[in-house]
1. Can you name every residue in the range 213-244 that is out of contact with any helix residue (DSSP H, G or I) (no Cβ under 8 Å at 6 or more places or on another chain) and on the phi > 0 side of the Ramachandran plot?
2. Looking at residue 307, is it outside the structural domain of residue 178 (by TED's automatic domain parsing), more than 28 Å from residue 45 (Cβ to Cβ) and in contact with a strand residue (DSSP E or B) (Cβ under 7 Å, 6 or more places away or on another chain)?
3. Can you tell me which of 363, 447, 405, 419 is more than 24 Å from the chain's Cα centre (by Cα) and either touching a residue at least 60 places away in the same chain (Cβ under 8 Å) or assigned by TED's automatic domain parsing to the domain that holds residue 51 (or both)?
4. Inside the range 13-38, can you point out the residues that are on the phi > 0 side of the Ramachandran plot and out of contact with any helix residue (DSSP H, G or I) (no Cβ under 7 Å at 6 or more places or on another chain)?
5. Looking at (1) outside any strand (DSSP E or B); (2) closer than 26 Å to residue 55 by Cα, which one does residue 209 not meet, given that it meets all the others?
6. Filter the range 268-295 down to the residues that are closer than 16 Å to residue 13 by Cα and touching a helix residue (DSSP H, G or I) at 6+ places or on another chain (Cβ under 8 Å) and list them by number.
7. Do we have residue 342 as touching a residue at least 60 places away in the same chain (Cβ under 8 Å), more than 29 Å from residue 194 (Cβ to Cβ) and not assigned by TED's automatic domain parsing to the domain that holds residue 28 here?
């Protein structure tokens, strides 16, 4: 018989951006809370996703900068890199951040349990692996935040050598000479940039008409052009067929209409999306209602069973860490009476290749589909003094706004610091500001942020520098 502990106010299952944030917020509210994570605090994002990939991308970006040092009047000879050390630094960054989460657990009196959790019924959680295997915990409330795992191509064996997902790619020590990346969403695009920047021959394949298909078409096309200029072979509207995994290479047939091309590489990296992580989670007494495989919740983040809540990737797209944190904190605030929970409406999306891509709100395509009367303002970084001085003038800022009122419908940025700049337009949309409000806000000169104001001014033909 399993050991039973005392009651908790909340048990959180999953220690990623939703889970750890929800647990810490409950701790801040003085609640007795436990957080169960099957691997390490921080979940996939911190350990095998957002954070380590950014460490890799920074190494790749810096290497490329040094190679082009002459553009800044600098002379650097014989620049090289150690691939294994780059990968090791990435892992060390993840470990450092995981320790930070563990510290926050202690600070907020969150009981942190390493192991896999099983929910046999409402109010009960059983630990099925780890040191506390067999322990049965009781709670008035349970928050499920188990996230997602990488979707796999049917029929392929993922050995971590020839065929891998982003997780295995983050743990490799040997740089591939050639890699084929299937799927050109944010994960696929970021790995394409990383490997190519370090000299790997990269083939990027997307079955939809554009890479980064959720982004505005102008942004997608700009990155497509930049990637081809960097030497990445990009295929869109292309299916992958007839996978042949050998001892030393992987061969794939790329099919676009009537065209068929064979591509061979030593590694296949699969980045075709994610699927809900529910394996072994729910018992017969906790069969939650699902929606397309994801846990269905109401406006309070409560599932079909009273007392069981869910937040983050497990409740469906968009699968972004910052959204997961927002949802979990709102769920916890709501369940303990600290305001009415908010559901996600607007949010930023970011891709950290070079040039970077960031967006918030509607795309131009969406505005057309909604039959909105809108204007577009666009400002290129080639007209930005700061961007040119920094030798980072690729890209643009694009703003979509209501033709009459100036209400901001969406903003799209391609450029070296796009992921930092997008926050201003996120706040503007949240505060229901207009393009005129952004235009009339004085932006320091010279800064990249001036391009945000110039794009806003361009919606009415008032941009000064174009």
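1. 237, 242, listed by residue number.
2. Details: outside the structural domain of residue 178 (by TED's automatic domain parsing): yes; more than 28 Å from residue 45 (Cβ to Cβ): no; in contact with a strand residue (DSSP E or B) (Cβ under 7 Å, 6 or more places away or on another chain): yes.
So residue 307 does not fit the description; no.
3. Details: 363 fails: more than 24 Å from the chain's Cα centre (by Cα); 405 fails: either touching a residue at least 60 places away in the same chain (Cβ under 8 Å) or assigned by TED's automatic domain parsing to the domain that holds residue 51 (or both); 419 fails: more than 24 Å from the chain's Cα centre (by Cα).
Of the residues listed, the single one that is more than 24 Å from the chain's Cα centre (by Cα) and either touching a residue at least 60 places away in the same chain (Cβ under 8 Å) or assigned by TED's automatic domain parsing to the domain that holds residue 51 (or both) is 447.
4. Here is the first cut: in the range 13-38, the ones on the phi > 0 side of the Ramachandran plot are 14, 30.
Scanning the range 13-38 gives a single hit, 30.
5. Unmet for residue 209, out of (1) outside any strand (DSSP E or B); (2) closer than 26 Å to residue 55 by Cα: (2).
6. Those that are closer than 16 Å to residue 13 by Cα and touching a helix residue (DSSP H, G or I) at 6+ places or on another chain (Cβ under 8 Å): 276, 277, 278, 294, 295.
7. Values: touching a residue at least 60 places away in the same chain (Cβ under 8 Å): no; more than 29 Å from residue 194 (Cβ to Cβ): yes; not assigned by TED's automatic domain parsing to the domain that holds residue 28: yes.
Criteria not met by residue 342.
Matching residues to (1) outside any helix (DSSP H, G or I); (2) under 21 Å from the mean Cα position of the chain (by Cα); (3) closer than 14 Å to residue 452 by Cα:
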| residue | (1), (2), (3) |
| --- | --- |
| 329 | no, yes, no |
| 332 | no, no, no |
| 349 | yes, yes, no |
| 368 | no, no, no |
| 371 | yes, no, no |
| 382 | no, no, yes |
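The values are calculated or read from the model by the stated rules, or taken from the named source; none is laboratory data. Computed from a predicted model, the values in this text were never measured in an experiment. Cβ coordinates were reconstructed from backbone atoms using ideal geometry, including for glycine residues, and neighbour counts include every protein chain displayed.
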